[in-house]
Structures are given as C-alpha cells and as structure tokens.
1. Which numbered condition in (1) open to solvent by 20 Å² or more (accessible area, probe 1.4 Å); (2) at pLDDT 95 or above; (3) under 30 Å from Leu154 (Cβ atoms) is the only one that Val217 fails?
2. Among the residues that make up region 99-112, is at least one of them at pLDDT 95 or above and open to solvent by 50 Å² or more (accessible area, probe 1.4 Å)?
3. If Glu143 satisfies all but one of (1) acidic (Asp, Glu); (2) surrounded by fewer than 21 Cβ atoms within 10 Å (Cβ to Cβ); (3) closer than 30 Å to Asn273 by Cβ, what's the number of the condition it fails?
4. Restricting to region 239-253, name every residue that is in contact with a Lys or Arg (Cβ under 9 Å, 6 or more places away or on another chain) and either open to solvent by 20 Å² or more (accessible area, probe 1.4 Å) or on the phi > 0 side of the Ramachandran plot (or both).
5. Take the conditions touching a Phe, Trp or Tyr at 6+ places or on another chain (Cβ under 7 Å) and not hydroxyl-bearing (Ser, Thr, Tyr) and apply them to Ala109. Does it pass?
6. For region 34-65, what are the residues that are of a type in the set (Val, Ile, Thr) and in a loop (DSSP other than H, G, I, E, B)?
7. Does region 119-135 contain any residue that is within 26 Å of Leu264 (Cβ to Cβ), part of a loop (DSSP other than H, G, I, E, B) and open to solvent by less than 80 Å² (accessible area, probe 1.4 Å)?
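The values are calculated or read from the model by the stated rules, or taken from the named source; none is laboratory data. What you are looking at is a predicted structure, and each value in this text was computed from that prediction instead of being measured. With ideal geometry, Cβ positions are generated from the backbone for all residues, glycine too; neighbour counts draw on all protein chains shown. Areas reflect the complete protein model, heavy atoms only, side chains present, ligands, DNA and RNA absent. Shrake-Rupley method; radii C 1.70, N 1.55, O 1.52, S 1.80 Å.
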Amino acid sequence: MKAKQLDTDRHIIMRDGDYYIVNATALQIVGMMADKTPREDISNFLCVKYGISVTDSGKYIKEVSDKMSGTDTSYILDKSKFSLDAPLSLQWILTKHCNLQCRHCYVEAKNKDFKFPPRDVALQIANKCIKANVFSITLTGGEAFLVPWFFDILELFLTNNVNVKVFTNGTLLNKNNRERLVHFANYRHSLSFLISFDGTREIHDQMRGYGNYEKSVSFAQFLLQNGFPVTANIVINKTNYKDIPNLIDALETIKISSIQISHLFDMGYAHNNRDILVMSREDYQQYFRIMKDYYFNKRGADSFMFSVPDDKKYIFLVNKADGHMQKIEENWECHAGRTKCTITPEFDVLLCPFFPEHKLGNLRRSTIKDLWANIARQKFLSFLDTNSQGRECPVIKGMSKYGRQ
C-alpha cells in the first residue's frame, strides 16, 4: 500500500483505484489489513496504543473497514478539488515507434527505425517519478515492448512500490519477453495489462493486419496463466460496433472479464480513415439496440448502463422489466493537471497529451514537483474550467458530435 503525507495527521492512500484521505491511525489499520493481520491483533494494537476498550477498538476497525470497502464513500478524495504538491499518477508515452500501423491510431505511431534515448537517461527519469512519490504509472506507446529499456524501468517502478499498468497491442510475445514477464510474477498485484482488441478475428485483423488477433489472444492467455490482471481495450467505431457482443463472448472464453470501451479520437490515422471509422447518430442508435438485445436476451441481465455522445453529463440505466430509462448524473471529471500528467518520449511533461501547448517543462532539466508548481498548470486548469462541463472532454468538444469537422 502506498501513502502520501499531506500534513501532520492526514495522508492519501490508494485502494482499488480510489484515493482516500485518512489520519495516521487509520493509515496503520489499513496497512495492517493489507498485510492480512488478524483483526484481534489489530484490536490489541489499538487498545494498547490508545487505552481503549475492545468494544471501542472493534467499532473503529469496522468504521475504517467500511470506508475502505465502499460501503461508506465519505472519505473518498475529491480529486478535482484537491491541491497536491505532485501528481498521484502518470502516463509515460515511452515511444511513438510501433510494429503496427492501426487504422484508428490517433498517435500516428510509425513502424520505422527509431532512436531511443539512452538507458541511463530513462532510469534517471524513472527515479524522478519515484522520488515524487507517485502512486501509479501507465507505460504506453507506440508499443512499449519495443523499447530496449522497458523491463529495466518496469522493475525499478515495481521494486519501489509503484503500481504499473502496461498498454500494449499484445503481438510481441517472443521468448525473451516471456522469460522477462515470468520474472515479474511476484508483482502480479501491482502490475496489470491493457491489451487492444478491435473485434473478433476478421475485424481485428482488418484493423491491425493479418494474424494479429491470434497473437493478442495468445499474449492475453499467457498473462492470465501467470496471474496478471488483463483488461481488453476496445475503441468503438463504425467498423466494429456490430461485432462487440461477439468480441465480448470471445474474450470471456479466454477468461478476460475486464473490458473497457474507449472513444475513437478523430486524429492521426483515424482522421485519415474517418469515412470508415466515425459513427453517425444512426450508428450509435443501432449500437444501443444491439447491446440492449445482447444484455437482456442473451446474457439475462436485469439492467445495463450506457452513455451517448449527445450527453456527456449523464449515464443512462435501462431496466429490462419495463424498459424504463433512468437518467443518472455522472460525477466523473477530467483529472489532467489535478492529479495526473503525461511524460512524452522526449521527456516533456504535459498536463494532457492532447494539448501539447500546455507543457510544464522537461524532466531532464527539472523534477516533477518543480514542474508541477509551474504557473502553467493553474492556467491549464482555468482553461479546463472554461472549456469543459462535467465529463465533456475539451478534445471531443472540439470535434463535432460524430467526428471532427
């Protein structure tokens, strides 16, 4: 468990993806729970330290347990309104080099000769992230597994108690990568993977090239067999939306149950292929009908939730029994510049990868905490407040509702 001290008696901790503000005693209790300390031993610790009764210590342990289990959300950190001296999470775009050229890639990753920074420089950057006491980092590209020092920085982060998520296309499961990944099996609770899937075999290979579906499936199976959490990332678009139910079924047969569906960003290669990728209003309506039928009739669900491009402030809950659609306010907000930022392949620190003009500086010449204190961050937050509402991303807002104009 990782913690960041705010002041004399307040700490931020991360648990199951949420951040909590706790006092020093609660921090000790949560740490003991994470170490699977018997509740009786925790109770004895409280009784001795504070001179309280077993009954009172039991009440305090239950209170902390409830807050951490999600039954009480009052202590969850409101990340959008909290000021920190450094980010809680980072995204590091290791490279724009990739072995594929996917039709919908907004990065415009290139499959060509690429000069990587020296290993010692990359390790220096990784150490600066660790010294900033970040909770988690996402390593992405391009393709992360092409980076020659990828496993070096991965090991550095994991051995320094930083949670790591690796975003990959899942096509590079060679002998060396297998052996290196097995080496990290003891870190399976702090190392997870996101693998891109665009559809079942035919559609996936149409987007990424022949044979890549089987490679990604094999990579996912290898990771799962070694105990690593795997999430499938699906970029919804005109080519694949009808195939998503089939893909969900196929992924579940290989034991992938965590699936996230992401926006198509009408940029880069995606913009060049927008005629076959950008969904119309009618496409979204048909997608809704497909998923409604899938969850209600095939999966036997009682309800399901969805969101639509027309309304970024709300999500919708549909009940099978009466078809009633309930409109629920969505509390998600962008946390770029508030709790997270992005490192580019050149080691520039951006508050959002889609707004390179809002750059804090370069990590080769400064520390994360120094860059985080840059007045440019406050200007960016003012920009966000002016140009976004609720969960409406300014990047998507800059496009038309169904693609950039």
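1. Of (1) open to solvent by 20 Å² or more (accessible area, probe 1.4 Å); (2) at pLDDT 95 or above; (3) under 30 Å from Leu154 (Cβ atoms), only one is false for Val217: (1).
2. No, region 99-112 has no match at all.
3. Tallying (1) acidic (Asp, Glu); (2) surrounded by fewer than 21 Cβ atoms within 10 Å (Cβ to Cβ); (3) closer than 30 Å to Asn273 by Cβ, Glu143 fails exactly one: (2).
4. Thr239, Asp249, Ala250
5. Values: touching a Phe, Trp or Tyr at 6+ places or on another chain (Cβ under 7 Å): no; not hydroxyl-bearing (Ser, Thr, Tyr): yes.
The answer is no for Ala109.
6. First pass over region 34-65, keeping only residues of a type in the set (Val, Ile, Thr): 37, 42, 48, 52, 54-55, 61, 64.
Of everything in region 34-65, those that are of a type in the set (Val, Ile, Thr) and in a loop (DSSP other than H, G, I, E, B) turn out to be Thr37, Ile52.
7. Looking only at region 119-135, we keep the residues that are within 26 Å of Leu264 (Cβ to Cβ), and these are none.
No, there is no match, as no residue in region 119-135 is within 26 Å of Leu264 (Cβ to Cβ), part of a loop (DSSP other than H, G, I, E, B) and open to solvent by less than 80 Å² (accessible area, probe 1.4 Å).
Here's the yes/no breakdown for (1) open to solvent by 10 Å² or more (accessible area, probe 1.4 Å); (2) under 28 Å from Ile261 (Cβ atoms):
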residue: Phe157; (1), (2): no, yes
residue: Asn160; (1), (2): yes, no
residue: Thr168; (1), (2): no, yes
residue: Arg188; (1), (2): yes, yes
residue: Asp198; (1), (2): no, yes
residue: Ile203; (1), (2): yes, yes
residue: Met207; (1), (2): no, yes
